[in-house]
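I have placed the structure first, in the form of structure tokens, so that the comments after it can refer back to it.
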Amino acid sequence: MKWQRKDLLGLEDLSADEINLILNTASSFKEISERPIRKVPTLRGKTVVMLFVEPSTRTQTSFELAAKRLSADTVSIAASTNSMQKGETLKDTAKNIEAMKIDALIIRHSSAGAPRMLAKVLTPCVINAGDGSHEHPTQGLLDIFTIKEKKGRIKGLNVSIIGDIMHSRVARSNIWGLIKLGANVTVCGPSTLIPPGIEKMKVKVTTSVKEAITNTDVLNILRIQLERQKGKFFPSIREYMIKFGIDSEILKGAKKDILIMHPGPINRGIELAPEIADGPYSVILNQVTNGVAVRMAVLFLLLGKRKAPFLEPSKKGRF
């Protein structure tokens, strides 16, 4: 199939075929990052602007590397230096950036729906790099890509997401993508951090970590997002760690080939013990590596030609 969309706003919008197209394209692009010269001319002459109204390390750096490895020109605008600090609206800021003849705007914003609003009024492509507690589509895609790379498939796998489900945009994007590709998804956390009605997304809900780990193939651990919480959802960090933290003891009941994932940043010793984060089950750094390939694929599909003759298709995926 051919990519038809102008924007990437969330995995809820995408079909299974569209998700697989991104994953297959990312598989071909991953090889570029392993070359001595990590650059191809695909997006030469294109301009990509990153407007991060919320702070970011991994996502912003990953997008910037992805664009530069495709030979695009990049501009990064931080929250502390943009005109919104002077009272300018997000729409006016974006329209002024558009007037400089750019090709794509990558935006992270604390308000859910901000990228979708901009996509309606801007001609350049809009890519959602995380909007409030709504979605983080490229993180969901790189998580799914990593699972498929390690397990060889998505369909039929048991994936448990543990942590602050209520405030996690990563959880939502993972759920939409995994369910559409045929995985079985369980969410686990304190009952106060499980959104009401989340069962409608076709997930299983539990407050027992032991139950979430039993017979699961993948554990995706989320941090407690204190910056988005407006109230007290559990008695203390210590109690959360005791009941929901993942350590060697709790993993004794897990499958021997379980994958441990985390979107970062990790709060070591709270949601994840250091020996697990750095242990043989962990694919956390693989997620970071794969994020560049996935974001290259997204930029290519939105901005580039449908075929790239300078690329040798990999054995794992093709255009």
Residue satisfying all of: in region 48-77; among the β-branched types (Val, Ile, Thr) and either in contact with a Pro (Cβ under 9 Å, 6 or more places away or on another chain) or within 20 Å of GLN139 (Cβ to Cβ) (or both); surrounded by the most Cβ atoms within 10 Å (Cβ to Cβ) among these:
VAL48
Of these, SER160, SER173, which one is in a helix (DSSP H, G or I), in contact with a strand residue (DSSP E or B) (Cβ under 6 Å, 6 or more places away or on another chain) and within 28 Å of ILE237 (Cα to Cα)?
SER173
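The rows are residues; the columns are (1) at pLDDT 95 or above; (2) over 25 Å from SER248 (Cβ atoms); (3) not charged (D, E, K, R).
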| residue | (1), (2), (3) |
| --- | --- |
| LEU178 | yes, yes, yes |
| GLY182 | yes, yes, yes |
| VAL187 | yes, no, yes |
| THR192 | no, yes, yes |
| MET201 | yes, yes, yes |
| THR206 | yes, no, yes |
| ALA212 | yes, no, yes |
| ASP217 | yes, no, no |
| ASN220 | yes, no, yes |
Which numbered condition in (1) closer than 21 Å to PRO263 by Cα; (2) touching a Lys or Arg at 6+ places or on another chain (Cβ under 7 Å); (3) of a type in the set (A, V, I, L, M) is the only one that ILE22 fails?
(2)
With the condition kept exactly as written, say whether any residue in region 42-50 is among the basic types (Lys, Arg) and touching a Leu at 6+ places or on another chain (Cβ under 6 Å).
yes
Qualifying positions in region 13-25 - more than 13 Å from PRO137 (Cβ to Cβ) and either among the β-branched types (Val, Ile, Thr) or part of a helix (DSSP H, G or I) (or both)
ALA16, ASP17, ASN20, LEU21, ASN24, THR25
Output the number of the condition that ILE165 fails; it satisfies all remaining conditions of (1) under 19 Å from LEU222 (Cα atoms); (2) free of Cβ contacts under 8 Å to residues at least 60 places away in the same chain; (3) in a strand (DSSP E or B).
(3)
Within region 136-153, restricting to residues that are more than 8 Å from the chain's Cα centre (by Cα) and of a type in the set (D, E, K, R), the one that is surrounded by the fewest Cβ atoms within 10 Å (Cβ to Cβ) is ARG153
What are the pairs, 6+ residues apart or on separate chains, where a residue within region 47-68 that is at negative phi and touching a residue at least 40 places away in the same chain (Cβ under 8 Å) has its Cβ under 6 Å from a residue that is in a loop (DSSP other than H, G, I, E, B) and among the small types (Gly, Ala, Ser)?
VAL48/ALA72; GLU54/SER110; ARG58/GLY264
Meets criteria (in the same structural domain as ASN184 (by TED's automatic domain parsing), out of contact with any helix residue (DSSP H, G or I) (no Cβ under 8 Å at 6 or more places or on another chain) and not charged (D, E, K, R)) for ALA254:
no
Total residues in region 6-44, condition over 25 Å from GLY152 (Cβ atoms) and in contact (Cβ under 8 Å) with a residue 12 or more places away in the chain
13
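The values are calculated or read from the model by the stated rules, or taken from the named source; none is laboratory data. Every value quoted in this text rests on a predicted model; they were computed, and no experiment measured them. Reconstructed Cβ throughout: ideal geometry from the backbone, glycine too, with neighbour counts over all protein chains shown.
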